[in-house]
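The values are calculated or read from the model by the stated rules, or taken from the named source; none is laboratory data. All values reported here derive from a predicted model rather than from experimental measurement. Virtual Cβ from ideal backbone geometry, glycine too; neighbours counted across all protein chains shown. Please note that ligands, DNA and RNA were not included when accessible areas were found on the heavy atoms of the full protein model with its side chains. Shrake-Rupley method; radii C 1.70, N 1.55, O 1.52, S 1.80 Å.
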Amino acid sequence: MTDITGLSHVAIAVPDIAKAAAILEKRLGVKAGPVHENAAQGVRLAYIDLGNARIELIAPLGPEAPLNAFLGKNPGGGLHHVAFNVPDIEAALAEATSAGASQTGKTGRNVHGQRIAFLHPRDLLGALVELEENR
């Protein structure tokens, strides 16, 4: 079994991070941290740290960003993926794929330098799952 050690974050795709952060602060009393860019993934993002997990607000960097396909279907935004911590990304991917899950895209790095990989929603109850190496 894949050694999931915790929930890293739940990602919400949004067209505008500042507007989304303002809504969540007003309605839930939570504050987003600084905005980061991940050019390799074509996103801008900000985290809301909840102590035991985070909410990740993600927005496209530009018109060619892959996230635009999701926002085209969900113009107001929506739940995009859930991310789990794993101690070893290669071992977790090997175990998940041998059990029938398929990786979507290539293994990459997040804005904190951690190795990440995504598993296809068709194999995981319709949910896009991110594995995030947390050593």
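A few notes on this one:
- F84 vs. criteria touching a residue at least 40 places away in the same chain (Cβ under 8 Å), open to solvent by 30 Å² or more (accessible area, probe 1.4 Å) and touching a Leu at 6+ places or on another chain (Cβ under 8 Å): yes
- Within region 30-45, considering residues that are open to solvent by 60 Å² or more (accessible area, probe 1.4 Å) and without any contact (Cβ under 8 Å) to a residue 60 or more places away in the chain, the one farthest from S98 (Cα to Cα): K31
- Only listed residue being among the hydrophobic types (A, V, I, L, M, F, W, C), closer than 21 Å to L128 by Cα, open to solvent by 30 Å² or more (accessible area, probe 1.4 Å) and part of a strand (DSSP E or B), chosen from I4, I48, I12, I58: I12
- Considering the conditions (1) open to solvent by 30 Å² or more (accessible area, probe 1.4 Å); (2) under 13 Å from the mean Cα position of the chain (by Cα), G72 is excluded by exactly one of them, (2).
- Selection status of A91, in contact (Cβ under 8 Å) with a residue 60 or more places away in the chain and either assigned to a helix (DSSP H, G or I) or exposed (fewer than 12 other Cβ atoms within 10 Å of the Cβ) (or both): yes
- Filter pass, D123 being open to solvent by less than 70 Å² (accessible area, probe 1.4 Å), at pLDDT 95 or above and among the charged types (D, E, K, R): yes
- Test: residue in region 70-83 that is part of a strand (DSSP E or B), out of contact with any helix residue (DSSP H, G or I) (no Cβ under 7 Å at 6 or more places or on another chain) and of a type outside the set (A, V, I, L, M, F, W, C): yes
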